[in-house]
Structure formats: C-alpha cells, structure tokens
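Asker: Could you have a look at this structure, given as structure tokens, before my questions?
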Amino acid sequence: MTEKRRRDADDRPLMQRPRRYSNPSLNAAIAPSAQVFTVPRANELQQQDRVTLSQPQEIAYFSKYAHDDVRFDRSNLVAYKQPEIGVNLLDGYEEYAAKDETDPTAPPAPIGPLLSALEHLQGQNHLKEQPHFVTFRNNLNKIMGTPYNSKNDWTFDVEKRDGCVYLDVRRTEQDIESNRNPHENQRRGAFAGRRFEIYSTYPKSAGQQKKKSVDDIADSRKVDEDEEFCTICAMTLGDKRLVVAAEIDCYDDIDSDAGDRQYVELKTFRLLQREKDQFVFERFKLLAFWIQSYLVGTPKIVCGFRDDEFQVRKLQTFRVTDIPNFCRKHWGTITIQLVKLCPIPSARRQAKDFKSRYTMQVWKLASTLAVLALTQVSAKSSDKERPGICEETEDCTAKNYQCVALQTTRAGTDTVKQCLPKEQDTDVCSGQFPGLCPTFSSWANPYSQISSVCTYKPAAECVSGSKSSSGEGVICVAGAADADGKSIDVIYGCVDFDTSALEVLFGDDDADKLADDLGTAAALVENCLSTNSSSNSTLLCTGQGTCLPDSGGSLSYTCRCNVGYSGSYCEEIDSNKCQLPGQCATGVCNLETNECECAEGTTGDQCSECDATSDKACNGKGTCSNSECTCDEGWEGLQCTKESATKKSSKSTSSKSSDSTSNATSGAMSSARPLGYVAMAVATILAAALFN
C-alpha cells in the first residue's frame with residue numbers, strides 16, 4: 001500500500017524536510033563551474049580565533065526609482081514614526097502587483113547602481129583605498145547564516161577585476177520556482193512587510209518636519225517596490241577592506257542636518273503565542289535580523305507583531321548590540337566562523353566561460369555542504385606579513401616567477417600560495433619533478449611553523465609521453481613505486497609536514513598505510529631534520545629549504561636549500577643572495593638584484609645579525625650583543641619579532657575578559673567590534689570563486 005503524502009491547504013504535496021544530518025545526493029545538479037565544500041557544525045566553530053569587524057562608515061548612498069533611474073542623493077530616505085497598534089497590514093492588497101522575480105537572468109539586486117555610485121564617489125576623491133570586496137549585504141547575509149540554515153540553497157556571481165572581488169546577487173532555482181507559484185500566505189507576508197514600512201515612516205513630501213498632519217497621507221501611500229534608498233559602507237574584516245551596499249528602511253528622529261542619521265530596520269512577525277513560536281523567532285529570525293543590521297551598523301530594529309488577520313498587535317524595539325545576549329541560549333556569541341572547508345572530490349570544476357567569473361552554488365543540508373573556501377584573495381607580494389603571497393601567477397610581478405601552492409593543515413587553510421622562481425620545470429615541485437616549495441620562516445605565525453615537503457600526491461588519470469594530446473589526465477612521475485616496488489600513479493606536490501607528509505594528500509583513511517609503504521615519514525625526519533643540539537629549529541631544513549626526493553621516483557629524501565643557505569639541513573648562511581620574497585628575515589629580497597636589503601636595526605648576510613648601533617635593534621624587544629639578540633620575556637625569533645605562545649595566551653585571556661566586560665556594560669557599537677566567533681573567514685570565503 002502506497003503511503004499518502006500530506007498536502008497543504010491548496011492540495012499541493014508538502015515538501016519533506018531532510019534529516020538534520022542526512023548526506024546530500026551526489027546526483028543533484030551541480031553547476032559546471034561550481035565548487036562544493038564542507039561546512040563545520042556550529043559547535044566546531046567555537047574553537048576558532050576571533051576576528052574584528054570595524055565600525056562601518058558610510059561613504060556614499062543612492063536613491064533608486066523605476067526604470068533603472070538612480071540618483072546619488074537621499075531623496076528616497078524617509079523618517080521613522082511609530083505606527084499605531086491595530087493597523088491593517090493588508091490594506092491595499094487587492095491592488096498589489098508583485099514584482100516579477102521569475103527571470104533567472106535578472107538579478108534581484110543589480111550591482112550596476114552600486115558600481116555607478118562608486119564611480120561617482122571616486123570622482124569626489126572620498127574613496128581613499130581600493131577595496132578587496134564590493135558586494136550587496138544580501139550575499140554576506142547568506143554566507144554568515146549558512147551553518148544555522150540547512151534548508152535553503154544560495155548562489156551569487158563572482159568576478160575579480162584589478163585585485164578587487166565583486167559579488168552579484170543571483171536567484172537560485174528554488175527561489176525562481178517559489179516565485180513562479182507563490183503560496184497566498186507568501187504573497188501576503190511580502191506585502192505586509194512593505195505595508196508596515198509605510199505605516200512606520202513619514203512620506204517624503206513631509207520633509208524633515210514629521211508633523212502629525214501628514215499621518216493620513218502616510219496611510220494612503222501605496223506599496224512601491226521600485227523605490228528604495230541604499231547606503232554604501234566601508235569596513236574592514238580582519239585585514240580585508242569591504243564595500244557593502246544595503247537597502248535602508250528609514251532613519252530615526254535625529255536632526256538630518258547634522259549628518260548623523262541613525263538608520264532603523266523594520267520587520268514584521270506573527271504574534272508569539274506558543275513556546276514553538278518563541279523558539280523560531282529567537283533561534284532563526286533574530287539571528288537573521290542581527291546579521292543584516294550588524295553588517296552595516298544599523299543600531300535599532302523595530303518589529304511589528306501581527307495576528308492571523310494581519311493586524312499589528314504589538315511593537316517591540318531591539319538594540320542590535322543586545323541581541324546576541326538575548327539569544328545566547330540558541331546561538332550564543334557565535335554566528336558564523338567558517339573555517340577549513342574541504343572540497344568534495346566528486347565536484348570537479350570545469351573551464352571558466354570567461355576569466356575569473358562563475359556562479360557559486362551551495363547545497364546546505366544540515367552542516368555539510370557549502371560553496372566556500374579559505375584562500376587568500378587580493379593579497380599581493382607587497383603583503384608585509386606574508387611576502388610573496390599570490391593567488392595566481394600573474395600576481396608574481398618578477399620575471400620567471402610562478403605562483404606555487406602548498407597544502408597545509410597547520411595554518412587553518414587548505415592551501416597557501418607563494419611566488420617562486422622558475423626558469424625550468426625542475427625548479428619547483430610540480431607534476432613530474434621534485435623541486436622547491438614555498439617556505440615561510442619570515443611570515444607571521446602560524447605560517448612560520450610550516451615545514452615544506454615535496455612529496456607524492458595521487459593522480460587520477462596518468463598519461464605517458466611528453467604531453468597529453470587529448471587534454472585529459474596528467475603526466476605522472478616516471479618509475480614511481482612504493483617501498484615494495486609496486487608501481488603507483490602519482491605526481492609531485494607541496495605539503496606541510498606534521499605527522500605524515502602524505503596525510504593531507506591521501507586522506508586520513510589511507511595516510512598511515514601509505515606513509516608506511518613509502519617510508520616517507522621516517523625518511524623525512526631522518527634526512528631533513530637536524531639533530532644538532534645547537535640548532536633550535538624544529539622545522540625541516542630549518543625552514544630555509546624544501547625536503548624533497550633526491551631524484552625523480554626516489555624514496556630517499558634530502559634538503560634542497562634556498563639561495564643563500566647551505567649545509568645538510570640548510571642551517572648555514574653562506575651569502576646575502578636571495579630569490580624568495582620571504583627570505584632576508586625582517587628585510588626585503590630585491591628580486592631584480594637577488595640581494596637582501598636589510599631593515600633598520602639589522603645587518604649581515606640574510607639580515608641575520610642585529611645592529612647594536614641602531615635603536616631599532618632586536619625590534620626594540622631585546623638586547624643586541626655580538627650581533628645576536630637576547631629577546632625580552634614574551635618575545636622570540638632571530639630579531640625578536642614574534643610573540644611567544646605564553647604572551648599570546650596571556651593576551652587572549654585578557655581579551656576574552658575584556659570582551660565579557662564590554663558585552664555586559666556596553667549599549668552601543670564600539671569603533672572596533674570583535675565579532676566573537678562571527679564570520680572569521682567571510683572575506684577569504686568570498687575568494688573561493690578565484691581558487692586556483
């Protein structure tokens with residue numbers, strides 16, 4: 001007997017919600033250029049470090065009208081007034097013609113007006129620095145809500161141009177289908193929200209007077225979805241500069257001539273009559289309200305609670321900064337800290353239709369799937385803390401340099417890339433050839449703790465000969481075999497060595513067996529790690545070279561030193577020559593002369609000695625004697641430039657204590673707001689579309 005499916009009031013079958021931790025179907029339609037990555041569960045995100053989102057600063061605005069009419073003014077910004085209890089949110093519904101949202105090629109929030117506003121802004125010289133990301137708030141709302149939203153997929157377009165990443169809002173197939181056959185309650189809810197905005201604002205014709213005599217005019221206004229006011233804010237998330245545009249409902253009773261408008265977000269929701277209603281509102285709705293308001297610095301949300309007849313029965317005002325504490329039992333102080341997202345092998349990315357642009361889609365079943373990744377975007381060789389970082393070879397401005405990737409688990413990312421010199425194929429670790437990998441001894445922690453290894457990685461489709469005539473497959477390492485002499489299909493790749501050089505390449509299930517078969521782990525430790533008691537380095541090749549096979553197909557490993565270093569473990573400085581942007585300690589490697597140029601306070605080959613005659617010696621955090629630094633407590637490194645783990649731990653404890661005090665006493669947004677565990681990687685996540 002066939003089970004009869006439950007149906008709704010319109011006799012349509014109800015959709016069955018997937019089990020909370022069910023696995024996604026691998027047969028689902030995936031866009032040809034999409035990448036799919038796993039998303040950690042919310043409780044896993046609590047273990048990550050915090051980031052800081054700066055106070056958003058309004059840098060521009062525009063008013064949008066019908067027929068793509070955009071004006072760079074505040075003509076569509078209206079003032080808030082408290083609506084009356086009992087107003088009917090369906091007044092005028094019979095005349096309501098909803099906007100057509102079924103065209104898959106028509107973006108719901110075209111990025112054109114935002115770009116035009118930025119061009120207008122640049123003409124006024126108000127935009128001081130080029131942003132790393134430009135987007136509407138809608139895209140960030142989706143990303144930040146991902147681990148707590150297992151029902152809806154999302155998509156947006158990404159394009160990188162001149163070092164800046166632009167995000168364009170797009171509708172998913174689910175959105176289009178829902179808009180094509182909307183449920184009556186869905187249409188009513190959309191109209192009611194717009195109607196509440198009319199009841200809660202003065203008409204534009206009232207100017208800034210906000211007189212009670214205009215209330216009747218306000219009530220008679222019609223819902224018009226073509227008109228809106230948008231603010232454009234600049235902010236920093238970690239070290240990334242963002243420009244974010246967002247629609248603004250209104251501003252509160254502040255003298256507009258002072259230029260200090262306090263924007264207000266207007267919302268509606270069904271009366272909370274049951275415990276379940278309370279849970280849904282606090283667990284989901286307030287989270288969404290908080291994210292979108294917090295992102296652009298909106299300090300206040302006014303929510304109108306309606307009954308089933310769509311009449312307003314209650315008003316409640318929420319201060320945005322109070323919401324996390326109010327909802328702590330549901331989502332605490334974390335929202336989104338998307339970290340270390342791993343690609344699903346079955347989702348293979350195809351060739352791009354045009355450069356650096358393709359659609360990303362996400363299937364969010366529980367906390368398993370999303371198109372997100374941690375890569376470093378818009379980072380150039382001028383990055384002071386990560387010299388030589390790149391995203392693609394064109395970022396490497398020096399002649400005959402290539403952007404080389406290293407897989408790592410230590411730095412909290414999937415890959416990190418650096419510009420390396422390559423005049424011939426054997427120079428770098430790639431494909432058939434063992435060669436140099438990126439080294440990070442002069443980078444900021446945790447990158448400086450990466451030990452670079454050139455080792456085998458699995459190859460799916462090996463081809464023979466000098467090239468693949470079909471364009472499919474790769475040329476594998478000739479004669480590659482395991483310790484038992486069994487032939488294996490592999491190529492060379494760069495990894496960070498922790499417990500097994502093969503672990504991040506072959507996966508946890510096979511790593512131990514493969515490491516034993518190949519004898520890799522033992523060979524690396526024996527031949528690439530110095531046991532000399534005078535060496536205080538725990539890095540392979542002292543962090544100044546790559547541990548790699550001494551010949552193609554060999555299981556015997558040895559150190560190949562960077563230019564300027566020598567010795568069995570690259571422990572000896574033999575010249576001031578350099579080739580890597582990350583060499584020369586605190587100095588700079590001049591890639592034209594291939595010589596180290598030392599910073600003030602340092603001298604000698606590779607800038608390895610301190611200059612006792614300089615007040616900048618030892619970074620001001622130690623004493624210089626006999627060209628060597630003795631670091632003060634809490635500092636370490638050749639030039640005392642790195643904080644010790646003890647000092648960091650102390651600072652972290654102090655910071656958490658300060659945050660706790662701040663959360664308990666502060667009623668307004670601070671100028672530099674720690675997001676707790678909010679969106680650590682939003683800026684870098686956005687760069688997933690430019691991965692590789």
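Asker: Out of all the residues in region 503-523, is one or more surrounded by fewer than 21 Cβ atoms within 10 Å (Cβ to Cβ), modelled with pLDDT of 60 or more and part of a loop (DSSP other than H, G, I, E, B)?
Answerer: Looking for residues that are surrounded by fewer than 21 Cβ atoms within 10 Å (Cβ to Cβ), modelled with pLDDT of 60 or more and part of a loop (DSSP other than H, G, I, E, B), one finds none in region 503-523, hence no.
Asker: Which pairs do you get when a residue that is closer than 19 Å to L90 by Cα, found in region 287-308, comes within reach of a residue that is in a helix (DSSP H, G or I), reach meaning Cβ atoms under 7 angstrom, with the pair 6+ apart or on two chains?
Answerer: Correct list of pairs: G304/F196; R306/A192.
Asker: Could you check R560 against (1) in a strand (DSSP E or B); (2) surrounded by fewer than 24 Cβ atoms within 10 Å (Cβ to Cβ); (3) at pLDDT below 90 and say which number it fails?
Answerer: For R560, the exception is condition (3).
Asker: Now for a different question. Which ones in region 589-612 are of a type in the set (S, T, N, Q) and more than 21 Å from E572 (Cβ to Cβ)?
Answerer: Going through region 589-612, the residues of a type in the set (S, T, N, Q) turn out to be 590, 593-594, 602-603, 606, 608.
Within region 589-612, N590, T593 meet the criteria.
Asker: If you don't mind, there's one more thing I want to ask. Here are C589, C618, C584: which of them is more than 20 Å from Q418 (Cβ to Cβ) and crowded, with 20+ Cβ neighbours inside 10 Å?
Answerer: Just a single option satisfies the conditions, and that option is C618.
Asker: A further question follows. Quickly run through region 588-612 and pick out the residues that are within 24 Å of K399 (Cβ to Cβ) and in a loop (DSSP other than H, G, I, E, B).
Answerer: Answer for region 588-612, where residues must be within 24 Å of K399 (Cβ to Cβ) and in a loop (DSSP other than H, G, I, E, B): L591, E592, T593, N594, C598.
Asker: A further question follows. Select from region 424-443 the residues that are in contact with a strand residue (DSSP E or B) (Cβ under 8 Å, 6 or more places away or on another chain) and in a loop (DSSP other than H, G, I, E, B) and write down the one among them that is surrounded by the fewest Cβ atoms within 10 Å (Cβ to Cβ).
Answerer: Among them, the one singled out is Q432.
Asker: Another question, if that's okay. Which one of A234, A245 is in contact with a strand residue (DSSP E or B) (Cβ under 7 Å, 6 or more places away or on another chain), touching a residue at least 60 places away in the same chain (Cβ under 8 Å), of a type outside the set (K, R) and surrounded by fewer than 22 Cβ atoms within 10 Å (Cβ to Cβ)?
Answerer: Selected residue: A234, the only one of A234, A245 that is in contact with a strand residue (DSSP E or B) (Cβ under 7 Å, 6 or more places away or on another chain), touching a residue at least 60 places away in the same chain (Cβ under 8 Å), of a type outside the set (K, R) and surrounded by fewer than 22 Cβ atoms within 10 Å (Cβ to Cβ).
Asker: Taking interchain pairs and intrachain pairs at least six residues apart, which have beta carbon atoms under 7 angstrom, with the first residue in region 555-572 and in contact (Cβ under 8 Å) with a residue 60 or more places away in the chain and the second in a strand (DSSP E or B) and small (G, A, S)?
Answerer: Within 7 Å, the pairs are R560/G545; N562/G545.
Asker: I would also like to ask the following. Looking at E600, E571, E595, which one is surrounded by fewer than 24 Cβ atoms within 10 Å (Cβ to Cβ), within 23 Å of C629 (Cβ to Cβ) and in contact with a Lys or Arg (Cβ under 6 Å, 6 or more places away or on another chain)? Even if it seems obvious, please write down each step before you answer.
Answerer: On the way: E571 fails: in contact with a Lys or Arg (Cβ under 6 Å, 6 or more places away or on another chain); E595 fails: in contact with a Lys or Arg (Cβ under 6 Å, 6 or more places away or on another chain).
From the options E600, E571, E595, the qualifying one is E600.
Asker: Do you know which residues across region 445-484 are within 27 Å of the chain's Cα centre (by Cα) and at pLDDT below 75?
Answerer: Those that are within 27 Å of the chain's Cα centre (by Cα) and at pLDDT below 75: N445, P446.
The values are calculated or read from the model by the stated rules, or taken from the named source; none is laboratory data. Since this is a predicted model, take the numbers as computed values, not measurements. Backbone-built Cβ (ideal geometry, glycine too); neighbour counts: all protein chains shown.
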